[in-house]
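Reviewing the structure listed below.
Read-outs: derived from the displayed coordinates by stated rules, not from any lab. Here the structure is a predicted model, which is why all the values come from computation and not from measurement. Note: ideal-geometry Cβ built from the backbone for every residue, glycine included; neighbour counts use all protein chains shown.
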Amino acid sequence: MFEEERKRSIVHFVEKHTRASVQELSQELGVSESTVRRDLKELEESRLLKRTHGGAVSLQSVNFEAAIPEKADRYLDEKQRIAHKAVEMIQDGDAILLDGGTTTLQIAKALRAFSNLKVITNSMIALNELKDCRNIEVSITGGLLRQDTLAFVGPMTERSLEMVRVDKAFLGTNGLDLREGITTPNMLEAATKRKMISVAKQVILLADHSKIGQVSFCKVADLREMDHCILDRETPEGFIRGLKGLDLDYTLV
């Protein structure tokens, strides 16, 4: 196994299992523990995982959140497919709410085709994408700017959201679990997402398969509170069966 292939295998294993020990990775890959430790050091320097004592954890672990530049290209094909389906749910004349995140950014990139939209967002990167679209009335919530996500959160953001009602809210998530629901590592982020849910007629959750089975620090909502989920076709079958058991509408793309 070549070095780059080995490193990709390490990242995949850690993301799949959330965490892994040096010994587990050594046995899985058939290489020495010293080789694994060296690879983990280089992968952490590339911000592809986080080293711990004796191993590594996924960047999706409960207390860790990767910055926007580190997440932008991960699962990009899946995010674009999810965004394309989300855009099909939007109609001219709608007022929509875009959550912060790299999947909702892909929605923002596709909104230029509309002739009459109102868009409210707490995302600086979505605002930057839409700032010169004359056919879209864009509102930014303001609030406390999180440097990692470039999204506004906190009491000021929530007060801004209290003043509006939207047809559709498109929400991203860090973790998505049948029992624990929708979770995120940051308390202010979680509260802001809850406020978004409360002001929307329809709430659409967007999640690529890397979020499935992940549980972060702060609870946002139960899955039953979503009106629709858009997931990619790599979503585990067991999770799909669970959605059916909850009688929750979903689309696989």
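Sticking with the crude label model, points 7 Å out along Cα→Cβ, report the distance from residue 33 to residue 147 in nm, one decimal please.
In this crude spin-label approximation the distance works out to 3.6 nm.
Choose one of 121, 53, 209: the residue whose Cα lies farthest towards the positive end of the charge dipole of the chain (beta-carbon charges +1 Lys, Arg; -1 Asp, Glu; about the Cα centre).
Going by the charge dipole, the pick is 121.
For the range 69-252, with only Lys/Arg (+1) and Asp/Glu (-1) charged at the beta-carbon, what is the dipole magnitude about the Cα centre, in debye rounded to 20?
240
Looking at the range 96-136, what % of the alpha carbon pairs are farther apart than 15 Å?
27
Order 122-133, 158-169 from most to least packed using the mean count of other Cβ atoms within 10 Å.
122-133, 158-169
Let me see the P(r) profile for the range 3-58: every Cα-Cα distance counted, bins of 10 Å, each bin given as a percent of all pairs.
Per 10 Å bin, starting at 0, the Cα pair percentages come out as 27, 67, 5.
Between residue 1 and residue 47, what is the label-point separation in nm under the 7 Å Cα-to-beta-carbon projection?
2.6
Between residue 139 and residue 12, what FRET efficiency comes out of the Förster formula 1/(1 + (r/R0)^6) with R0 = 30 Å and r the beta carbon distance, rounded to 0.05?
The computed FRET efficiency comes out at 0.15.
Helix-derived [θ] at 222 nm for the chain: sum -39500 (n - 2.57) over DSSP H runs of at least 4, divide by residue count, nearest 500?
Calculated from helices alone, the mean residue ellipticity at 222 nm is -11000 deg cm²/dmol.
Helix 187-198: angle to the longest alpha-carbon principal axis of the chain, degrees 0 to 90, nearest 10?
40
Which value in nm describes the separation of the simple spin-label points at residue 113 and residue 246, placed 7 Å from the Cα toward the beta carbon?
Going by the 7 Å Cα→Cβ label model, 2.9 nm.
Give the residue from 188, 236, 172 lying farthest towards the positive end of the charge dipole for the range 69-252; charges sit on Cβ (+1 for Lys and Arg, -1 for Asp and Glu) and the dipole is referred to the Cα centre.
Positive-most Cα among the choices belongs to 188.
If you place +1 on the Cβ of every Lys and Arg and -1 on the Cβ of every Asp and Glu, how big does the dipole about the Cα centre of the range 178-253 come out, in debye to the nearest 20?
Rounded to the nearest 20 debye, it is 240 debye.
How many Lys pairs in the range 113-253 lie less than 26 angstrom apart by Cα atoms, where the lysines are 8 or more positions apart or on different chains?
For the range 113-253, the number of qualifying lysine pairs is 27.
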